[in-house]
Structure formats: C-alpha cells, structure tokens
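The values are calculated or read from the model by the stated rules, or taken from the named source; none is laboratory data. These figures come from a predicted structure and were not determined experimentally. Note that each Cβ is placed from the backbone with ideal geometry, even for glycine, and that neighbours are counted across all protein chains shown. SASA here: full protein model, heavy atoms, side chains in, ligands and nucleic acids out. Shrake-Rupley method; radii C 1.70, N 1.55, O 1.52, S 1.80 Å.
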Amino acid sequence: MQPVRKKTPPPRRRSLLLLAFPLTAALILLIWLFFGQKAPEAWVPPISNTDEELTLLSRDASELLRFSVTPSVEEPFSIVFADGKAQVEGNTDFPLEQREIDLMVKDLTLLTAHEELGRITMDGQSLEALGLGKTAARVKAEYSDGTSADLVFGGRAPTEIPSDYLMMNGDGRVFSVSTDMRPHFDRGLNTLHPVPALNFDSVLTDGLSVSGEGGFEVRQSEGLWEVVSPFRYPADEEQVRSLLLAIGKMRLAVYAGKAEGDNLSKYGFDHASRSVRIDLAPSVIQGYDAQGNPGQSLDVPGQSFHFQIGDPIGSLGFYLLYEGEIYQVSHASMGFLYSMDIGDILSPAPVNVPINRLTRLSVHRGGESRAYEVSMIEKILPNNQHERDEAGNLLYEPYITVNGQEADSTAILREYLRLMALSASGKLPEGFASEEEQAVRYLLSGPFGELELALYPFDALHYAMRVNGQFIHYVDRDAADGIQL
C-alpha cells in the first residue's frame, strides 16, 4: 500500500483565509455600532406607497362656526360665520373672496389624507425636522357640536405623490396630504380680499399717458398712432401692437391695503412716482334676444383708468395704486407700465401714412418743389364695371396729380412706398442739431394732420432725420437718394 501524502493549501487560499478574520471582526464592529448606538432624536416617518386615502374630517359645512388661521409669516386672523355668511372677526366690513373661503371651508369639513405615515415624538427637534414646529402654519376650526379640529401644516414630504406633512394637534400621527391644502391657510388676510378683474378691450384703447420721470403720451387718430407729448412723432406700429396686447392682458395679483395712512409710505406712494393713464374710446354694448336678433343696446362713454406705481417687490413685481386701493402686481402681467420708455415707442420708419390717408404731399429738394395731390377713385375693370372685393364692397385706387397735372399714379405710388420703407440705421447723438442745408423735405397732409420729414447731411454715408422738428435717428444716404419723388 502506497503512503498517502498530506496536501497543503496553496498560498493564495491561505492568504484569503487570513484576510477573512479582520473582515469578520470589522463587520461585527459595524453591527454593534449600528444597533448599539442611540437613535437620532429627529424622527422621519417611514414612507409607504399605498394609494388608500384616509378621511380625517367629515362634517356638513353648516356645522362650521369659526376658524382661526395662524400663518407661518403673516398676522393671525379669524373667520366667523353669521347666518351662513363669512366675516372677519373684529372687522366685519372687510370684503372676502367667496371662492377662497369655499376652499378653506371644504378643507375643514371634508379632509382626506393620502396616507398615515407614522407617529412622531412630540419634541421640538422632531417637529422641526418635518416643518411642524412653532413657526408652522396652522388652523383651528370650531363646530356647532362643541368639537374642534386643530391642524398643523408641515413641509414637503418625500412621497411618490407630491404631498405635505399634516398633523392634528394633540395627536402624534403624521399624515401626507395634497400640496394644494397648505396655501389655503398659510396666507395673510389681505389675500382673501377680492381683486377686481381689469378686462380691458385693447381694441377700444384710444391713448396712453405716462407721467413722472421720462413721461410721454401716445394717442391714435384716424387709426394712426403717434407720440403727442413731449413732442409729436410717429409711433412704431409693432411696438403699439405689443403695447395694446399687454393692456389686454393686465391682471392684478393680490390686495395689499387701502391707499391711506401709513400704507402710502409703506408701499412707496408718499413721494412722486410714475403714473399711467389709459383712455378707452366710447363704445356700444349690443344685446341679443334668444333667437340671436339684435335687441337693446347700451352706449358706454369714453373712460380713463389711472394707475400709480409704488415700490418694487423684489424682482417679481411692484405695488400698484388703482381706484383707491393698493395691489401687488407681477412684472409678467403689468411690468410694461413700470418699464416702457418713449425711446421704444418712436418709429424708426417715420412715414407711416398709407396712401389712402394722404391728401397732399409736398417735396422740396435743391430749390425745387413738387406738390402731389391724392384722391381715391373707384377701380374700373376692363369691361367698365366697378371692381369689388369678396364682400361686394367697392375697391378704390389712388388718382394723383403733380403740380396740378395728371401723373402716372402707379409710378408715384411705387416711389411713395419706398419713402414709407425708409427706416433709420441708428440713433443720433443726444442733443444733435444740424447747421447744414437740408437735402430734402417731405410734408404730408391728411385727416391725421401734418407730418414733416427733413433730411440733413450727417456724415459721408448717412442723413440725419428731422421728424416734426425732432432729431432722433439717421438714415442711409443711398436709400434716401434713391426715392424719386
């Protein structure tokens, strides 16, 4: 029988066995540290993913007698119900937005939670960790049967469905509720004040006046917009369209207080500030019967609305005084009142008069003058019939004479369109005035009044434009010299 030789482990396996001992010891130490140390005092409830909702309050709305709100920042206030009507306790004349009150009543009579997250130790550190501490928003509701409910609103819960923490005071349970609920109560009393809808019809806007530093006035006449103060100057049509669009979208955000007493200095109205007046043209409200036939109509006279701008609210908006009340407004909805400038309104292409609004054009160039008289006549087809549009309306075309003699209206119209397209290349230096002899002067007349454009040498490539006596822009020489009028 052959002897059996005892095998020894290979060197690699031996080294692994030797390493196992310190690793095992480290693992034992970690387990002891994890389970043997004291748990942190700030408790965060475990998160479950159940979709089941819990009903925390279920009452009839008529049972709610009173509720007291303590916001996280603003002053506390109480709402009481008398004969079913909500009133501010101690200030019964304060108007309330019924829609907002209804939301609060609903939360205090039919309250459901997404889920119960667990129980919390009622110590300061644990409560603060969930936003349920001393500064948390809360509301206490009192009911006709003598019971009450005291709700505390916490911070955002890390749940799958966006939720906030909620606790019923005196009960250690913590719930998750809709994020829509806390803003209903974490608010100042002023946010419950009704905010009027402006609902401006921009089509009826007749003019706008800005007073204060950099003030100006812009108005429309015969459909043409122009700056009328501090000087007359054609307005940029694109800028006016944007302005009218902004006027139609104006919205007040939040009520701040009455425009009296300390509020005037508190919100920035105790000193001269920018104010804006918007004028609306007279209009007619037409009524219709059940069959859609015109019925009674109501004549609405022209109206003017005044807005005064107060202090800024960070970078978000500013305070606005309107009809004796102060409101918060955002830059997104009414910022144009705060920022609009006359330089943005002035038209870089000053000849903005369509040919059908023009009755006379005088051109003075190099000691010579030409007078164009313009009238609109019915357009005649080759078969001697009047040309009409799709709605059956007569179409017109310009008839033009030069110094009393009939001229080629088509050729003149082509050159006039080039004059209308003449646009500034840049702005002249502030305070610019020319002592040079003018190169050309155009004087336009019509139902809109008069418009003057004169060109003066500026440099080798440009003319300075004088519009109604004001030097604002310069224009390309070649483009101006190419106009054959």
Yes/no for H386 being buried (at least 16 other Cβ atoms within 10 Å of the Cβ), more than 27 Å from R232 (Cα to Cα) and free of Cβ contacts under 8 Å to residues at least 40 places away in the same chain: no
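Of a type outside the set (F, W, Y) and either more than 30 Å from Q470 (Cβ to Cβ) or open to solvent by 60 Å² or more (accessible area, probe 1.4 Å) (or both), is that true of G302? So that I can check it myself, show each step before the final result.
Numbers: of a type outside the set (F, W, Y): yes; either more than 30 Å from Q470 (Cβ to Cβ) or open to solvent by 60 Å² or more (accessible area, probe 1.4 Å) (or both): no.
The answer is no for G302.
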Cβ-Cβ under 7 Å pairs, at least 6 apart or on other chains, segment 283-302 side closer than 21 Å to S202 by Cα and touching a residue at least 60 places away in the same chain (Cβ under 8 Å), far side surrounded by 10 or more Cβ atoms within 10 Å (Cβ to Cβ) and among the β-branched types (V, I, T): S283/V300
Residue under evaluation L103, criteria (1) under 24 Å from T147 (Cα atoms); (2) open to solvent by 40 Å² or more (accessible area, probe 1.4 Å); (3) touching a strand residue (DSSP E or B) at 6+ places or on another chain (Cβ under 9 Å), criterion not met: (3)
Within segment 118-143, tally of residues that are farther than 26 Å from I79 by Cβ, touching an Asp or Glu at 6+ places or on another chain (Cβ under 7 Å) and open to solvent by less than 40 Å² (accessible area, probe 1.4 Å): 1
Failed criterion for A454 (all others in (1) part of a strand (DSSP E or B); (2) surrounded by fewer than 18 Cβ atoms within 10 Å (Cβ to Cβ) hold): (2)
Flag if L443 is surrounded by 15 or more Cβ atoms within 10 Å (Cβ to Cβ), in contact with a helix residue (DSSP H, G or I) (Cβ under 9 Å, 6 or more places away or on another chain), modelled with pLDDT of 95 or more and within 30 Å of G214 (Cα to Cα): no
Qualifying residue in segment 269-282 (condition: among the charged types (D, E, K, R), more than 20 Å from L321 (Cα to Cα) and either open to solvent by less than 20 Å² (accessible area, probe 1.4 Å) or touching a Leu at 6+ places or on another chain (Cβ under 9 Å) (or both)): no
Cβ pairs under 6 Å, 6+ apart, first in segment 436-456 and over 15 Å from F471 (Cα atoms), second assigned to a loop (DSSP other than H, G, I, E, B) and hydroxyl-bearing (S, T, Y): S445/T359; G446/T359
Tally, over segment 67-98, of residues that are out of contact with any strand residue (DSSP E or B) (no Cβ under 8 Å at 6 or more places or on another chain), part of a strand (DSSP E or B) and of a type outside the set (A, V, I, L, M): 2
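Picking from E222, E213, E237, which residue would you name as being under 17 Å from Y338 (Cβ atoms) and either open to solvent by less than 40 Å² (accessible area, probe 1.4 Å) or touching a residue at least 60 places away in the same chain (Cβ under 8 Å) (or both)?
Values: E222 fails: under 17 Å from Y338 (Cβ atoms); E237 fails: under 17 Å from Y338 (Cβ atoms).
None of the others qualify; the one that does is E213.
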Counted residues, segment 339-358 - those being surrounded by fewer than 16 Cβ atoms within 10 Å (Cβ to Cβ) and under 20 Å from the mean Cα position of the chain (by Cα): 3
Among residues of segment 366-386, those that are among the charged types (D, E, K, R) and closer than 16 Å to L444 by Cβ, counted: 2
Any chance G426 is open to solvent by 70 Å² or more (accessible area, probe 1.4 Å) and within 19 Å of S347 (Cα to Cα): no
Residue list for segment 144-177, filter: within 25 Å of V80 (Cα to Cα), in a strand (DSSP E or B) and open to solvent by 10 Å² or more (accessible area, probe 1.4 Å): S148, D150, M168
Residues satisfying the stated conditions in segment 199-208, i.e. open to solvent by 20 Å² or more (accessible area, probe 1.4 Å) and either among the aliphatic types (A, V, I, L, M) or modelled with pLDDT of 95 or more (or both): V203, L204
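State the number of residues belonging to segment 312-328 that are within 16 Å of D270 (Cβ to Cβ), open to solvent by less than 50 Å² (accessible area, probe 1.4 Å) and in a strand (DSSP E or B).
Here is the first cut: in segment 312-328, the residues within 16 Å of D270 (Cβ to Cβ) are 312, 318-321, 324, 326.
Narrowing further to those that are open to solvent by less than 50 Å² (accessible area, probe 1.4 Å): 318-321, 324, 326.
Imposing the further condition that a residue be in a strand (DSSP E or B) reduces the set to 318-321, 326.
Going through segment 312-328 one residue at a time, the tally reaches 5.
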Condition met for L417 (of a type outside the set (V, I, T) and buried (at least 16 other Cβ atoms within 10 Å of the Cβ)): no
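When you check G257 against the structure, is it in contact (Cβ under 8 Å) with a residue 60 or more places away in the chain and surrounded by 14 or more Cβ atoms within 10 Å (Cβ to Cβ), yes or no? Spell out the reasoning first.
Working: in contact (Cβ under 8 Å) with a residue 60 or more places away in the chain: yes; surrounded by 14 or more Cβ atoms within 10 Å (Cβ to Cβ): yes.
Yes: the conditions hold for G257.
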